[in-house]
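One structure is given here, and the rest of the page talks about it.
The values are calculated or read from the model by the stated rules, or taken from the named source; none is laboratory data. As the structure is a prediction and not an experimental result, all values here were calculated from the model. Glycine also receives a Cβ, built like all others from the backbone with ideal geometry; neighbour counts cover every protein chain displayed. Side chains are part of the model used for accessible areas, which takes the heavy atoms of the whole protein and leaves out ligands, DNA and RNA. Shrake-Rupley method; radii C 1.70, N 1.55, O 1.52, S 1.80 Å.
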Amino acid sequence: MLERTLSIIKPDAVQKRVIGEILRRFEAAGLRIAAAKMLRLSPDTAARFYAVHRERPFYQDLVRFMSSGPVLVAVLEGENAIARNREIMGPTDSTKAPKGTIRGDFGTDVEKNAVHGSDGPDTAKWEIAFFFSESEIC
Ligand code: ATP
Ligand code: MG
C-alpha cells in the first residue's frame, strides 16, 4: 500500500551533520521525500507534538531535547512507508539498535536516537498535518 509517514531528523543527528546520510538511507530504502523543512521547535510546539507521552517520566526531558536545536521534518512516501521507515530506523533504544540501522549508527541512547518515525496510519496522518499543509507536500 502506498503510504506517507512523518520523519524527524532530531537535534542530535542534525548537530552530528548526518542529515545527508540519513536522507540517503531513506531514498536507498525506496522512500521518496515528498516534503522537507528545517525547523527549530519551540518547547511549546515540541510539547504539543509529543502530548501523547505527557504522563511518561521522560516527557519533560524529551521536550527539552527536541527543542534544543534545529530538526529536519520530512514526509516520506512509498510502499508500506510507515513500517519500512521504522525498520531502517531500528528500535527506540539506540544502544540496542543493530549496526546498519539509523539509530544503531547515529543514535546515542534511548532519548537521543537520531530520528522519529510515525508508528501507524492514524498517527502518520496527524503528525504530517501537524507540520505540513497539503500544498507543501509534493
Ligand atoms: P519516535 O516516536 O520518536 O519515532 P519511538 O516510537 O521508537 O520513537 P516512543 O515510545 O514513541 O518511541 O518515544 C518517543 C521518544 O521519546 C523516543 O524516540 C525517545 O526520543 C524518547 N524516549 C522513549 N522512551 C524513553 C525513555 N525510556 N527515556 C528517555 N526518552 C525516551
Ligand atoms: Mg513513537
**OP:** Select from the stretch 87-96 the residues that are in contact with an Asp or Glu (Cβ under 8 Å, 6 or more places away or on another chain) and more than 8 Å from ligand 1 (Cβ to nearest atom) and write down the one among them that is farthest from Ala29 (Cα to Cα).
**Re:** Thr95
**OP:** Scan the stretch 53-87 for residues that are in contact (Cβ under 8 Å) with a residue 12 or more places away in the chain, more than 24 Å from Ile33 (Cβ to Cβ) and loosely packed, with under 12 Cβ neighbours inside 10 Å and report the count.
**Re:** 1
Original post:
Residues Ala35, Ala46, Ala13: which one is more than 15 Å from Phe130 (Cα to Cα) and either in contact with a Gly (Cβ under 9 Å, 6 or more places away or on another chain) or crowded, with 17+ Cβ neighbours inside 10 Å (or both)?
Top reply: Ala13
Original post:
When you scan the stretch 67-86, how many residues do you find that are part of a helix (DSSP H, G or I) and either more than 8 Å from ligand 1 (Cβ to nearest atom) or farther than 30 Å from Gly30 by Cβ (or both)?
Top reply: 5
Original post:
In the stretch 65-121, how many are within 12 Å of ligand 2 (Cβ to nearest atom) and among the acidic types (Asp, Glu)?
Top reply: 1
Original post:
Quick one: is Val52 in a helix (DSSP H, G or I) and closer than 23 Å to Asp122 by Cβ?
Top reply: yes
**OP:** Considering each residue of the stretch 97-138, count those that are outside any loop (DSSP other than H, G, I, E, B), open to solvent by 80 Å² or more (accessible area, probe 1.4 Å) and within 11 Å of ligand 1 (Cβ to nearest atom), and give that number.
**Re:** 0
